[in-house]
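Before any comments, here is the structure.
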Amino acid sequence: MRKFFLFGFIICSLLFAAAFMSADRSVKRFIAHGRNPRLAAIYGAPVPLEALTLMPIEDIREILQKRGYRELESIPQQPLEFRLRPEEKLLEIYRAAFVDPYGEEIPAGFFTLSLGSSQKYQQRSANQYLEPERLSYLSSSEIKTREKISFERLAPDVVNAVIAIEDERFLNHPGIDFLGIARAVYTNVLAGKVVQGGSTITQQLAKNLFFSPERSLKRKLSEALAALSLEFRLSKPEILELYLNSVFFGQEGNVALHGVESASRSYFRKSASDLTLEESALLAGIIQAPSAYSPRRHPDRAKERRNQVLKKLLELGEITSEDFQRASEADVKVFPPATYKRQASYFIDAVRASLPDEVNMDALAVSGAQLHTGLVPYLQSCAESAIRNQLPALEKRIGAKPDTLQAALVALEPFSGLVRAYVGGRDYQESQYDRVSLAKRQIGSTIKPFLYLTALDPHLNSYRVAHPRSILSDRPLHIQIPGQPEWSPNNFDNEFRGDVTLRYALEQSLNVPAVYVAQRIGVPALVSTIKRFRLADDPPPVLSLALGTVETSLLKLTSAFGALANEGIYSSPRLFRSVVSPEGEELFSAQFEEQQVGGRGPVFLVTDLLRGVMSRGTGKAAKQISGLSNAAGKTGTSDDRRDAW
């Protein structure tokens with residue numbers, strides 16, 4: 001019997017050691033990553049540091065502050081600090097460490113950048129980038145906010161209040177409070193239900209950092225072992241700082257408030273370093289049940305809970321009777337919730353929808369995986385602003401009712417296919433329908449570059465090769481279509497110009513010469529080009545195809561134009577780049593395809609023709625507004641002018 005118990009003891013000890021080592025590995029990895037939780041999130045693209053030097057100062061400040069950087073008047077000494085020196089045209093930044101889209105650890109570093117001039121690096125490395133901005137959490141569409149504050153900056157009343165009500169023996173136990181567990185069991189047995197928990201602050205922190213919310217004995221044991229490891233490797237102030245920067249304090253509208261700094265700014269519009277005793281006790285009381293003790297929805301209940309915290313502080317000798325009397329009689333005063341807007345909402349939805357079926361989102365969320373995209377938040381902001389500001393002006397100009405027009409915009413990097421900006425509609429709150437990838441519209445005259453490319457490229461047609469100075473007929477055409485009325489295409493202005501060059505026909509987006517060219521090259525050749533550029537899978541083989549009577553999405557059309565910008569190489573559009581595990585292992589990567597779909601010479605000619613569209617033709621107004629000197633592009637409208645490109 002003694003041998004049996006000894007064997008059982010050894011087995012249990014080995015199992016305990018293995019379980020502890022597993023928990024300890026997670027803790028060590030967490031500490032090695034700078035004690036920043038690897039949040040399961042969707043991230044934008046890293047931003048080249050040189051890009052900051054060309055931005056207005058206010059934009060630089062906003063970009064850095066959104067990433068949690070703190071502006072100083074002295075030289076930055078640690079990560080997430082920066083100093084702007086406008087008079088000397090300098091930006092000093094202590095860039096934080098980050099994980100790049102390939103899972104590589106990029107160390108923190110100090111940089112001095114000269115403002116107003118692009119600083120070209122000989123060979124740009126990942127070290128010369130600003131860390132990617134978090135766009136959304138991976139687990140759900142919920143918006144979260146988590147502003148950090150150091151332990152030294154916390155108001156002492158906050159620290160005392162949280163310890164008093166959540167874990168009064170925090171400073172003395174090793175991560176597990178056995179006395180507290182025994183007391184909780186005794187209280188729950190007497191009550192006949194669970195009315196009190198025995199988890200310490202360290203255990204709660206372990207749960208927040210490493211485990212899913214599931215309730216199971218295995219998870220509780222793992223949580224306890226992780227708590228022991230945290231206590232072994234970190235000091236009490238470090239543990240408390242991590243806990244107070246991650247604990248949940250409730251909802252602000254559709255925003256989840258994580259961390260005492262976020263909660264303080266939400267409820268009191270001040271930092272957690274400036275909280276009063278009664279404000280500190282109110283926040284400490286919320287932690288147990290953020291919904292039940294919400295000071296906005298249940299002020300009376302929140303006040304009662306706050307006073308329980310104050311009473312506990314009095315019992316522990318942390319405050320005087322006078323302090324208790326004054327604070328417990330104070331009214332609960334909080335600010336109304338702020339309005340938050342989820343960043344790149346249409347894009348986030350599209351990313352989630354584009355993930356392969358085998359990707360288990362819940363598993364990725366629990367593991368702390370990071371999904372990296374190519375979106376540039378600064379460009380995304382510009383895109384959203386363009387639509388928000390220009391649609392009302394357009395409605396006024398054409399006499400449309402206010403708030404009736406819709407618009408979408410997508411920006412792609414031609415050689416990589418990565419999406420840099422993505423706006424699926426005018427207002428995500430009003431309509432979640434994504435007009436970038438879901439809406440299919442007739443593309444009108446935006447098909448003409450591909451029509452003329454077919455004529456210019458000997459590999460795309462079997463007729464004869466055209467050139468920009470080829471003479472085309474702009475005279476009335478009468479086309480007999482079996483079983484249908486005679487078709488006589490017209491130009492936009494109902495005028496005819498006689499003979500025109502191919503260049504002029506494209507610049508002025510003339511319809512009749514386009515149909516003339518389609519007759520010469522043959523509709524099958526145009527259909528083949530459309531398929532090569534992935535504009536549409538099954539375009540109708542009719543002559544009116546030359547005027548864009550084919551439906552496609554904005555994403556597909558932009559990708560096709562991207563091939564023109566990329567010397568005839570089509571790069572498949574990518575909504576995300578990779579999914580990386582907390583250990584830096586690439587779990588998934590977006591399928592990427594490159595194909596030469598047009599000859600480099602003919603594509604160069606078409607691009608030059610499209611510069612003429614912007615300089616002298618139908619795109620002239622866009623060039624004047626943008627100020628771009630070398631832009632190439634094409635406008636288009638559908639037959640009934642319902643859609644404009």
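Number of residues in region 566-606 that are surrounded by 18 or more Cβ atoms within 10 Å (Cβ to Cβ), small (Gly, Ala, Ser) and under 25 Å from Gly636 (Cα atoms): the value is 3. What residue, among those in region 501-519 that are open to solvent by 10 Å² or more (accessible area, probe 1.4 Å) and outside any helix (DSSP H, G or I), is nearest to Pro540 (Cα to Cα)? Restricting to residues being open to solvent by 10 Å² or more (accessible area, probe 1.4 Å) and outside any helix (DSSP H, G or I), the top hit is Ser509.
Given the condition open to solvent by 20 Å² or more (accessible area, probe 1.4 Å), more than 28 Å from Glu567 (Cβ to Cβ) and in a helix (DSSP H, G or I), answer yes or no: does some residue in region 520-530 qualify? For region 520-530, residues open to solvent by 20 Å² or more (accessible area, probe 1.4 Å), more than 28 Å from Glu567 (Cβ to Cβ) and in a helix (DSSP H, G or I): absent.
Give the residues of region 567-599 that are of a type in the set (D, E, K, R) and touching a His at 6+ places or on another chain (Cβ under 9 Å), sorted by residue number.
Here is the first cut: in region 567-599, the residues of a type in the set (D, E, K, R) are 567, 574, 577, 583, 585-586, 593-594.
Correct list: Arg577 only.
Take the conditions (1) touching a strand residue (DSSP E or B) at 6+ places or on another chain (Cβ under 9 Å); (2) touching a residue at least 24 places away in the same chain (Cβ under 8 Å); Glu104 misses just one of them, which is (1). Within region 74-87, can you find the residues that are farther than 29 Å from Val580 by Cα, among the charged types (D, E, K, R) and either touching a Lys or Arg at 6+ places or on another chain (Cβ under 9 Å) or open to solvent by 60 Å² or more (accessible area, probe 1.4 Å) (or both)? Scanning region 74-87 gives a single hit, Glu87.
Name the residue, out of Glu81, Glu105, Glu58, that is over 30 Å from Lys207 (Cα atoms) and of a type in the set (D, E, K, R). Working first, answer last.
On the way: Glu81 fails: over 30 Å from Lys207 (Cα atoms); Glu105 fails: over 30 Å from Lys207 (Cα atoms).
Checking each option against the conditions leaves just Glu58.
Apart from one condition, Arg134 fits all of (1) open to solvent by less than 60 Å² (accessible area, probe 1.4 Å); (2) at pLDDT below 90; (3) in contact with a strand residue (DSSP E or B) (Cβ under 6 Å, 6 or more places away or on another chain); (4) not small (Gly, Ala, Ser); the exception is (1).
Annotation note: Cβ proximity below 6 Å between a residue of region 41-69 that is basic (Lys, Arg) and a residue that is buried (at least 17 other Cβ atoms within 10 Å of the Cβ) (sequence gap 6+ or interchain) occurs for Arg67/Glu133. The number of residues in region 613-644 being surrounded by fewer than 19 Cβ atoms within 10 Å (Cβ to Cβ) and not polar (S, T, N, Q) comes to 14. Restricting attention to region 278-318, and to residues there that are touching a residue at least 60 places away in the same chain (Cβ under 8 Å) and part of a loop (DSSP other than H, G, I, E, B), which single residue is surrounded by the fewest Cβ atoms within 10 Å (Cβ to Cβ)? Once the filter is applied, the top-ranked residue is Leu316. When the criteria are applied in full, Thr404 meets the requirement of being modelled with pLDDT under 95 and of a type in the set (S, T, N, Q).
Okay, residues lined up against (1) modelled with pLDDT of 90 or more; (2) on the phi > 0 side of the Ramachandran plot; (3) within 21 Å of the chain's Cα centre (by Cα); (4) open to solvent by 20 Å² or more (accessible area, probe 1.4 Å):
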site	(1), (2), (3), (4)
Phe30	no, no, no, no
Leu49	yes, no, yes, no
Tyr69	no, no, yes, no
Leu72	yes, no, no, yes
Lys89	yes, yes, no, yes
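Return the residue satisfying two criteria in turn: it lies in region 91-105 and is at pLDDT below 90 and part of a strand (DSSP E or B), and of such residues it is nearest to Glu131 (Cα to Cα). Ranking the qualifying residues of region 91-105, first place goes to Phe98.
In region 218-225, is there at least one residue being open to solvent by less than 60 Å² (accessible area, probe 1.4 Å), at pLDDT 80 or above and more than 27 Å from Ser294 (Cβ to Cβ)?
Our first condition is that a residue be open to solvent by less than 60 Å² (accessible area, probe 1.4 Å); within region 218-225, this holds for 219, 222-225.
Within this subset, residues satisfying the condition of being at pLDDT 80 or above are 225.
Filter once more, keeping what is more than 27 Å from Ser294 (Cβ to Cβ): 225.
Checked region 218-225: at least one residue is open to solvent by less than 60 Å² (accessible area, probe 1.4 Å), at pLDDT 80 or above and more than 27 Å from Ser294 (Cβ to Cβ).
When you check Ile239 against the structure, is it in contact with a Leu (Cβ under 7 Å, 6 or more places away or on another chain), on the phi < 0 side of the Ramachandran plot and open to solvent by less than 60 Å² (accessible area, probe 1.4 Å), yes or no? Yes; evaluated as a whole, the condition is true for this residue. If you filter region 248-273 down to residues that are under 23 Å from Ala206 (Cα atoms) and open to solvent by 10 Å² or more (accessible area, probe 1.4 Å), you find that the one that is modelled with the lowest pLDDT is Gln251. Among the residues of region 538-565, those identified as crowded, with 21+ Cβ neighbours inside 10 Å and part of a loop (DSSP other than H, G, I, E, B) are Gly548, Val550, Ser553.
The values are calculated or read from the model by the stated rules, or taken from the named source; none is laboratory data. In this text, all values refer to a predicted model and were calculated from it rather than measured experimentally. Reconstructed Cβ throughout: ideal geometry from the backbone, glycine too, with neighbour counts over all protein chains shown. Quick note on the areas: whole protein, heavy atoms, side chains included, nothing else; ligands and nucleic acids left out. Shrake-Rupley method; radii C 1.70, N 1.55, O 1.52, S 1.80 Å.
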